[in-house]
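To start, the structure under review is shown below, and the notes come after it.
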Amino acid sequence: DTGFTANYTTDTLPCDSAQYASVSLQCADVRNLKCDGLVCSECPGGYYCPYGTALPCAAGFVCPAGPTMSLCPAGTIGIESLATSYDSCQACGAGTYAGSSGQTVCVECPAGTAGNGTGESECEPCSVGTYQETTGGTSCVACPSGFTTTLRGATTESECVCPSGTYQPTSAKTCLACPEGMACSSANTTEAAMPMISSTRRLAEGDSYPYPLVLEGYMTVLGSELTPYKCKEPEWCPGGDPGSCANNRDITVVSCAKCEAGTHSTDDGSCVACNSVAAPFIMFGGLALGFICLAIFAYLINTSQLNQSNSMTAIIISLGLVVSSIQTLAMFSNLDVKWMSPVKEMLQAMSLLTFDLELLQVECFVGINSVWNLLVRQLIVPFAAVYIVVIVIGRKVFRDPGLEVVNESINAIGGLFQLFFVSILISCLSPFLCYKHPANMGHSMVSDPAVLCSFTGDHLSMALVCIFVYIFVILPYLAITTFATVQYRKSMGDALASYRHLRRFKFLFYRYNPSRYWFGICVIFRGLLVCLVPVVFRDYAAVQVLTVSIILLTFTATQLYSQPWRGTTTNLLDASIVIFLVLLLICVAMTTNFDDTETVVGIFAGFAFGAVFASALVIISVEVIRRLLPNPWFDFFICHHKAAAAAQARHLQILFMKRSGRHCFLDSDHLTNLQELFEIVRTRCGRLIVYLTAETLRRPWCAGEITIAWKVHKRVIAVRHPSMIMPADKDIEASQLNTYLSSAEFKLIEYGVTNDLVASAYRWLLHELQDVVCVAENSVAAGRRRFDIIVDRCLTLHNRTGVERVSLSDIENGGVLIDSK
């Protein structure tokens, strides 16, 4: 039954809360109870009762009275037996631990760990940057300053290494920052041997080498493995092991800038063996092509303009602009910016026009001496000038005995200098065009990176050569062209002098409109300023890009305003080329990391922001001054029909100026720009003289002049010629004016002159205006006398306040007729 347990003797005993059990089973079914005879009782403290038998509580255990038995928790130990409470469990001291419950002995923390507290169940591994060499440590030892460990739990000081981005110098207990241009992974040290072999091995992600590696675009030379140089072309320096260069490039030369002897450079940056068959053909073929082009150039530049059509002149000018733009692009390569494909490859293909002889594989024949290479570049133009003189003399001897050798030679040589002026400047400035190496390793020449810009050794010799060329070639050319430009106007007064001047300096003037003769010198100085930018602002790439853009855009604004080139298309081409060059600079700037970007761009942006408002203020101020102080001011403005009275109007203009001593404007002098013509009537003249002949009122520009004068209340004098035909009132109605006016050439509505305004102005002129001088058909005055009287009478009306209508016949008879309407 419920509450009873049966035994084998079939006797039953009451069961109370598991204190009693089957006697025959000896309390075996009720654990942790003490069996005393036939009675099961509670297990006493300090004991535990498996299977009804009371056993003493062992060390590491806690046995309180009752049915429970526990272990001392982890981090503590039990050293006493018969323990009845947890108070008997002792916590492990610092530097030791008890990893599990029921332990009787604390274990010392192993090396690489530390226990700085008591009662620890485990020891904490030393953090990154620390280590512990002994057991039982209570704290970890920090690595020397600047060092760290790669993992937690370091057991020796030798595991302290330099962190990623630094390296440990030989026999030094310090970490130094990884040089710019090198990659230092964790634990890099120079204790390991650094192989000095040419290698194309690259640093891949996850790779670990025992020494710093060189990044792509940098190299180190023998003996200076930790002082990288920046390579002008990244393809020259593949990176990897220190001392590595592209295939067959000289690892002993700064920036891997030279090929080994017997090899020449290729587009991929490597060097290949010279081809004994192809190399001479390429070099001498290129030289022959250059001589042919020079001969053609010397002939074309001395060809008479009369023999050239406008189209041919435009073609020649366009070709010159293209050559100049290529040279400007070559100058861009001297800027400290990163060029991207395909522009980079295009620049390399065009480098021959900038006297870069690498494309001709010259190094296969004349070696790679830097000073001699520069000297050859400087002598190209002088040799070309001598060759041109020989060609001119040959033409005189064999073809044209009357040829002017001096003038033809000066013109051809001057044209050659002007065409290649930017290239000549780049070559002359090359020792001063330098780019910066990292770690204060100085600068290298952009044109020859193997030469450091130190003004010693080869660099000093190259600088002296270029200074000599600048003093005795560049400066004389600038002086001569400037003098020729200044003398242009003076020589125009003498026919013979002007002929000689133009023949001699045709190269400077023939491409430009005669009134814009000065633009040639502007083009020359634009090239000079652009080439000087990377010299003046060395190491400031952002300043270089912005300054070059400002120079180009400033000169382009001048060009668009003045329209100097012969032909509209050439002016458009020049402006388009400059715009696309500036756009190219913007694209390059977007791919270049500028160290000085924020400060420099901020300065230029502030300047541009201020210039927006400053330029608007200047223009507004100028226009206000022009309105208040119109210049030039014309006291008289003669409106006439050119076909019927051109000579008469011109004679009247001369008489007005002679008699009054004041300026007089004739509208036919400015018929191509009606906006400016109407502005003169509106703001810059005192009196409008309308010389009315048969067709005057039918001319649209005359209608506009009369209408504006009437609208702004300008003083008007009408001079009626006998040939004038008074229009019918219906002809000058607004609805009929489109038929009456010969408006095929000009649309007056485009200038704000409507038919209603013209109709009103004509009614006022014909029927209301009182200052009228009538030239009678039967007047006895004729010839000059007639015009003298007209001018006298107009001046009289101009100086009087009254209004009169006077007939010339009345004047001749001595009377004056005054009509008052």
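A few comments on the model shown:
- Folded to 0 to 90 degrees: helix 475-491 orientation relative to the chain principal axis, Cα: 30
- Across PHE417, PHE284, the residue with the most accessible area heads the list, and the full order at a 1.4 Å probe is PHE284, PHE417.
- Rounded to the nearest 20 debye, dipole of the stretch 622-726 from Cβ charges on Lys, Arg, Asp, Glu: 300
- Cross-link partners for LYS344 among the lysines, with Cα-Cα distance under 16 Å and sequence neighbours closer than 8 places in the same chain left out: LYS232.
- Listed by chain and number, the lysines whose alpha-carbon sits under 27 Å from that of LYS730, ignoring those within fewer than 8 places in the same chain, are LYS642, LYS711, LYS714, LYS747, LYS821.
- Among SER615, GLN648, PRO630 the positive-end extreme of the charge dipole of the stretch 613-668 (Cβ point charges): GLN648
- Summed side-chain charge close to MET312 - residues other than MET312 whose Cβ falls under 15 Å, Lys, Arg +1, Asp, Glu -1: +2
- With all protein chains in place and a 1.4 Å probe, the accessible surface of the chain carries 60 percent carbon and sulfur.
- The residues of the chain expose on average 50 square angstrom of accessible surface per residue, using a 1.4 Å probe on protein heavy atoms.
- LEU215 exposes around 70 Å² of accessible area when a 1.4 Å probe is run over every protein chain in place.
- Ranking by accessible area, most exposed first, for THR68, THR599 with a 1.4 Å probe: THR599, THR68
- Placing unit charges on the Cβ atoms only, positive for Lys and Arg and negative for Asp and Glu, gives the stretch 427-544 a dipole magnitude near 780 debye about its Cα centre.
- In the stretch 376-467, the trypsin sites (Lys or Arg not before Pro) that fall in loop regions by DSSP, at most 16 other Cβ within 10 Å: ARG399
- Charge dipole magnitude, Cβ of K and R +1, D and E -1 - the chain, Cα centre, debye nearest 20: 7060
- Dipole-positive endmost among LEU71, THR456, SER304 within the chain (Cβ charges, Cα centre): SER304
- In the set [x] 1.81; [y] 1.54; [z] 1.95, the label that goes with Cα Rg over 2.2 N^0.38 Å computed for this structure is [x].
- Within straight-line cross-link reach of LYS396, lysines at Cα separation under 24 Å, skipping those fewer than 8 residues along the same chain: LYS506
- Counting heavy atoms of the protein chains alone, GLU260 has an accessible area of about 80 Å² for a 1.4 Å probe.
- Accessible-area order (highest first, 1.4 angstrom probe) of the listed residues ILE315, ILE749: ILE749, ILE315
- Distance between the pseudo-spin-label points of ALA273 and VAL128 (7 Å out from Cα toward the beta carbon): 5.2 nm.
- SER454-VAL612 FRET efficiency (beta carbon distance; Förster radius 51 Å; 0.05 resolution): 0.70
- Surface accessible to a 1.4 Å probe, CYS587 within the full protein complex, Å²: 60
- The stretch between SER85 and ARG763 holds 231.1 nm of extra length on full extension. This uses 0.36 nm per residue minus the Cα-Cα distance.
- Note on the chain: dipole from Cβ charges, positive end direction compared against ILE551, GLY442, CYS364; the farthest Cα belongs to ILE551.
The values are calculated or read from the model by the stated rules, or taken from the named source; none is laboratory data. Everything quoted here is computed from the prediction, not taken from an experiment. Heads up, the Cβs are rebuilt from the backbone with ideal geometry, glycines too, and the neighbour counts pull from every protein chain shown. In case anyone asks, the SASA skips ligands and DNA or RNA and just uses the protein heavy atoms, side chains included. Shrake-Rupley method; radii C 1.70, N 1.55, O 1.52, S 1.80 Å.
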